Structures are given as C-alpha cells and as structure tokens.
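Data first, discussion second: the structure below is written as structure tokens.
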Amino acid sequence: MKPRTLYDKLWDDHVVKQREDGTALIYIDRQLLHEVTSPQAFEGLSLAGRAPWRLDANLATPDHNVPTENQEAGVEGILDPVSRIQVETLDANCDKFGIVEFKMGDSRQGIVHVIGPEQGATLPGMTIVCGDSHTATHGAFATLAHGIGTSEVEHVLATQCLIQRKMKNMRVEVNGDLPFGVTAKDIILAIIGEIGTAGGTGYAIEFAGSAIEALSMEGRMTVCNMAIEGGARSGLVAFDDTTLEYLKDRPYGPKAEQWDQAVSQWRDLKSDEGAFFDRVVKLNAADIKPQVTWGTSPEMVVAVDAQIPRQEEEADPIKREAIERAYQYMGYKEGLAITDIKLDRVFIGSCTNSRIEDLRAAAEVAKGNQVASSIKQAMVVPGSGLVKQQAEEEGLDEIFTQAGFQWREPGCSMCLAMNADKLGDGEHCASTSNRNFEGRQGQGGRTHLVSPAMAAAAAIAGHFVDVRDFVRQQS
Amino acid sequence: MEKFTSHKALVAPLDRANVDTDQIIPKQFLKSIKRSGFGPNLFDEWRYLDEGQPGQDCSNRPLNPDFILNKGRYQGAEILLARQNFGCGSSREHAPWALLDYGFRCVIAPSYADIFYNNCFKNGILPVILDDKIVNQLFEETFVSEGYQLNIDLSSQTVQTPSGESFSFEVDEFRKHCLLNGLDDIGLTLADADSIRSYEAKRKETSPWLFGVVK
Ligand code: SF4
C-alpha cells in the first residue's frame, strides 16, 4: 500500500460513500454543541420532524455567553436577556432531544474545546465537529476535527455524516529544542507569522518535528487550536506516549481490555514514512522568541524584542494598506518598540490557553509579584470547572489573587466579549486568546496575542516585557 | 426544504453592486435563536430610518420611503434582481434565511459570493446567474413596466420575460436535482441511510469504545 499521511488515514477510515462528483459522505464520531450556533440547527431538526441520528455522539455545554462571576446562580445569573435566552434554549433542546449537556453550575462545564479532551470525549482516530472554528484544537489527539456552519450542525445531528471534499496535506515541522521561556503559543504564532493567515487554506496541517513531540498535550492543543488562524480548518499531531498518558482514566475513554485494543489501533495514527505532503514548512525551534501580535490580524506578529514594522517597508500594496489600517486602529506611531506598548487590561483564558499548564505558567510568573497599578484589570478565566478545581487545589488561585489578578469562573469570556467581560474603546489588552481582529474583545479594543507567561509578566510590568529577562531577574 | 420547479412572480430591482451579508441582515440580529423571523429585518439599515434592535416590533418603525422594497409597486415581489458580487462578506446563513422569510424565492444577478451562493441552495432559494447585459435589460424593463413579472423555470433552466423572450442559465446538476425535488442535503444523505448504518455497525465492531459512553 502507498504510504499515507495521518490525515489520509483518518479520511479513509471515515468514508461512508465516495460520490462521483468528488465529494464523499464522511462519518462523524463526535459533535460538540454550544449555545450560539446550535439553536437553528435544533429548530430545523424539529421542523423537519427528524430526531438526532445518534444521541451518544453528542456532547453539549454553554460557554460563549456565560458570565464569569456568580455562576452558582445558574442561567438566572445571566443579566443580558438575549444571552440568557440562548443558554436557556440550549438547555431546553438538550433536554428535549436527550443530549448530554454540562449545564451552568456543573463542575464539568467549560469551553467546548477544553471539556472534550478533559472528559475523554475526544479520542484518537475520531472525526470531531462543532459549530465553532476552533474545533481544530482536538486534532492534537490525532483526530480529524474541524469547525462547521449551522446547516452542517443540523446535518450531523440528523445523519451523523457530512458531505466533504478531501483537503490537501501540509506538514509543518518544528525541530530542535525550544529555548527557555518560549512556549507552544509562541510556536504557533511564529508559524502563522511565517505562512500567513491564508497559508493553510485548503490544507489539513500536520504539526510534527522534535519540538512538537516534546510538547505536552496542553501545548499541542494550543498549537492545533490556532491552525485556523493560519487558514487551515484542521490541525493534527500524531499519536504517541504523551497522548496515551493524557488519556488514561478519562471518564469517557475506553477501559480495561477495550483500552488495550484502542491503544493498539491508535499506534498507527501517524504519517507513514515517505507519505506525500503537498507542502512542507520547516521552522527551527531554537530561533523562536516570545511572540507578540502588534496589529489586527494574527499574522501581524513579531518577537517581543522587535519594533512594530514600518509601513514603508512593506512592498505589497494590499499588505501595506492593511498595515496602515492597523496602525490607525491600534493608535501607533512609527517605530514603536513592542516593550513600549502600554497595557490597560490583561486576559488569561480562552480555548487556546486556559488549561492547567497555562495557569501554572502564568502563576509561576505572578508569584510574589503585584499587578502594575496602571493596569485596570487583569483576569484569569480557567477553561472549565475542573481546571478551576485543580488550580485551586494547587493554590494557584491564591497566587493570582494575592498578585492582584481576578480569579474568575469558566467560559469564553473576554476572548470574544459576548458576555460582560469586554475591553473599552481604545484599550490595549495582553490576551492569551487567538484572535486580534478589530473589535473582537469589545468595540474599539486593541488586542495583543501572547503566551500565558508573557501575559502575566506584562500585567506586572504594565507593558510588554521579555518574559525570559523577567524570570532571570527574579531568580 | 420547499421545492423549486418554476416560479412566476413580481420582480424587485435592487440596483447596487457588492451588497454584503451585513447589509442583508445586520449583526445585531444574529443573537436570535431562530432561523425564521428575519424577514422584517431584511436590509434593515436601508429599509428603516431608525436603528433596529433584535426582538423589536417593526410594524411601527419609520420606513425609508426611498428604499426600493418600500415602494408600493414592488410589494409582494418574490424575485430579487441584483448586481454583481451579491452576498459578499460574512458567511452568516442568516442572509438567505432573511431573504426567504421576506418572501424571495429567487435572486437574479451577474455574480455571487461563493458561500452565499451555496447557502441559497441549502435553503431553497434559486440564485440565477445571467450575463451582465441581460441583467441590465431586465433592470430597465422592471423600471418601466409596473407589475413586471418573470417566469423562472428550473427544469428547462430558463428565465422568461412577459414579452416571451427567454434566457437560459447554468446550474450544477446535483444542486438542480436537490432544488427540483425539494431535497435538502439532509434528505439526500438520508437516502444513503443504509450505507451509514452498515458503516456504523462495522465501526462499532472495530472501535466499540466510541459508542454508548456519553449518555
Ligand atoms: S474561547 Fe474564544 S475562540 Fe474559543 S470557543 Fe470560546 S469564543 Fe471561540
């Protein structure tokens, strides 16, 4: 047999029917549901008098609209009536159809892309979809995972399948040892800086190389999460012992003999020697420094010790215009150093960086320090109730609150500002999330994407600092 | 999804290029949990003089008398005549939902944005592509003759004017089949239900841990 990529294998494994027009019916093993993109899908299902094809393939939780304070109050605690209706609708739909939902107040509730892996609802070899573009996160487990629209959510509910065309294969290889103070977030930001936000369009990207292999599962999820910011709907990492260790004893994972059977299947979830990739990109881990986005697109990213690119340096007129617009929106003057950007708020959270490892990295920097008085708000929002519990067991909440950070309850929060957590007009925010588009974190808000350690260091300094110098000075 | 075979109806001319989905249905209405009910907010910013809020009763809002859909002679139109790159911008499926809810079953334009074009078929709307020159002619005829109707026949892929002139248009076979028979993607996929079931049965055998766990 011809050598195949990991993506080829996952695809082949899920073809229910190949059609003559080049599309294929692909079986979906798991669908994650949240309150924003599911109501019309459920309504469509009802109107057509259809029932979900397979209940146990679905798992739901509210995350985008939930407040990060007073969650004990449940749905009643959501002050915005329109947000409340969206969450109530999800509850009602899940109850009506019999879909398992982690409701507000359940300690397992959290951001869909955090709870799937945490529960073992995300398993190697699966196809996973969700009405959310950051579904790519789950690819860290050698699963084929991608975001879909509302009609497709309904399609999967009703048929357990999607009509798809196969994508091309891209391999992004990061080799060598990651320098001190440089994290998974810096790797993916550096990759996006290299390939651009459309570089991965039409591809499934497999992240490989010794630097990726050395990452924890949390780190791999951070990398796959932002595959979509590089244009690719799916990111992937091969199965290995790190994946295996993470999955042991997860509530929805296989047990006993089934576990052994599963592991022996999972061992094959890697690209074969000599498999063909349409495009290969290589990065040297040793060259990656802590990254900071300076503009209004994730590809507008530089190392922390750099200056904001000068407008006249860009030869491409379309890109130059985008840079000019970003300058205007961000309120910059030419030649500003990244470390001179003054910050108003700091947000540590989102499906990119709200897992226990992220919180540990931020807490390590925060420990024994104080958030600068010029910072209006520095908030830490764990990705799920269980992450929150574990962080509290480890005393991370106290480290944060003593340092002047707010310790919040789980949800998407200021990643997209659909709940009450927002940036004010013109405010600069160091954020561990994944999108720095205009207005993403609140109208007029100015987002800078960074790693959790960089965000914590920035909170303490009041402006961006190189976390490597920061940690060295402390020790 | 409702079938689309042939449709004879009143035409409303929207004489602007690059109409984006934000204009078709502004963002404040996306917090809705429904697929229907967007009709009153179709082209909201052009149609009313005040700023629309989700959930508001639109019947008492001040109408913009200059907007084409507010003119008496175009009331009840079910065919929208438009210009190039119609439906560009955000991928929101709320745009075809709003057109359909208002009453449009067909759009005629020289070109469309990709996602919008796809979304139309998913919702029983036929987006017809005609040459720029022909679209120009249709605009002129619509403007001069009140009550101007077109007959769109999907089987023969033709648009017929009141004078009997006929223009043919292209449409993908698969999509045509779905629209003619009122099959949505789901209906079509369900025609393969046996294949899905047998795939599923095999998968249950080889990977039993994927079944029956989340319940
Ligand atoms: S945390 Fe942000 S990016 Fe992730 S699912 Fe929520 S809103 Fe989307």
Worksheet item: Along the positive direction of the dipole of chain A (beta-carbon charges: Lys, Arg +1; Asp, Glu -1; about the Cα centre), which of A:Ala121, A:Thr201, A:Asn175 reaches farthest?
Response: A:Thr201
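With the cut-off at 31 Å, tell me which of the pairs A:Lys422/B:Lys215; A:Lys333/A:Lys367; A:Lys248/A:Lys388; B:Lys31/B:Lys122; A:Lys103/A:Lys422; A:Lys17/A:Lys319 have Cα atoms farther apart than that.
On the way: A:Lys422/B:Lys215 36 Å; A:Lys333/A:Lys367 34 Å; A:Lys248/A:Lys388 20 Å; B:Lys31/B:Lys122 21 Å; A:Lys103/A:Lys422 23 Å; A:Lys17/A:Lys319 42 Å.
Distance filter (> 31 Å) returns A:Lys422/B:Lys215; A:Lys333/A:Lys367; A:Lys17/A:Lys319.
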Worksheet item: Spin-label point model (7 Å from Cα, Cβ direction): what's the A:Phe97 to B:Arg16 distance in nm?
Response: 3.6
Worksheet entry | Residue-averaged 222 nm ellipticity for the protein assembly as shown, from DSSP H runs of 4+ at -39500 (n - 2.57), nearest 500 | -9000 deg cm²/dmol
Discussion item. Taking the Cα centroid of the stretch B:144-161 and of the stretch A:166-241, what is the distance between the two, rounded to the nearest whole Å?
Written reply: 52
Response to the item:
Per residue of B:187-196, other chain Cβ atoms within 10 Å number on average 5
Item to complete: Express in whole angstrom the spacing between the alpha-carbon centres of the stretch A:364-380 and the stretch B:1-20.
Response: 56
Worksheet item: Net charge near A:Asp56, counting Lys/Arg +1 and Asp/Glu -1 over other residues with Cβ under 10 Å of its Cβ?
Response: +3
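Based on the Cβ-Cβ distance from A:Met1 to A:Ser264, what FRET efficiency comes out when R0 is 22 Å, to the nearest 0.05? Could you put the intermediate results ahead of the total?
Working: r = 19 Å, r/R0 = 0.85.
For R0 = 22 Å, the calculated efficiency reads 0.75.
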Practice prompt. Please check chain B for the longest run free of GluC sites (Glu not before Pro) that are loop-located per DSSP (anything but H, G, I, E, B) and have at most 14 other Cβ atoms within 10 Å.
Written response: B:52-145
Worksheet item: From the phi of every residue in the stretch A:281-298, what ³J(HN,Hα) in whole Hz does the Karplus formula 6.51 cos²θ - 1.76 cosθ + 1.60 yield, where θ is phi - 60° and glycine or proline is x?
Response: 10, 10, 10, 9, 4, 4, 8, 7, 10, x, 9, 9, 7, 10, x, 10, 8, x
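Fully extended, how many nm does the chain gain between B:Asp66 and B:Asp132 (0.36 nm per residue separation, minus their Cα-Cα distance)?
Details: separation 66, 0.36 × 66 = 23.76 nm, distance 2.50 nm.
Separation in residues times 0.36 nm, less the Cα-Cα distance, equals 21.3 nm.
For the stretch A:113-203, what value does the Rg/Rh ratio take when both radii are computed over Cα atoms and Rh is the Kirkwood radius, given to two decimals? List each step's numbers first, then the result.
Values: Rg = 15.4 Å, Rh = 15.2 Å.
That ratio is 1.01, to two decimals.
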Worksheet item: Of the beta bridges DSSP finds with both residues in the protein assembly as shown, what % are antiparallel, to the nearest 5?
Response: 35
Worksheet item: Is the shape of the protein assembly as shown rounded, prolate or oblate, going by the alpha carbon gyration tensor and its root eigenvalues a ≥ b ≥ c, with a/c under 1.5 for rounded and a/b larger than b/c for prolate?
Response: prolate
Fill in: Long pairs among B:Lys8/B:Lys133; A:Lys9/A:Lys255; B:Lys34/B:Lys202, criterion Cα-Cα beyond 31 Å
B:Lys34/B:Lys202
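Each value in this text was obtained by applying a stated rule to the coordinates, not by laboratory testing. Quantities reported herein were computed from a predicted structural model and do not represent experimental measurements. Don't worry about glycine lacking a Cβ; one is built from the backbone with ideal geometry, like all the others, and counts go over all protein chains shown.
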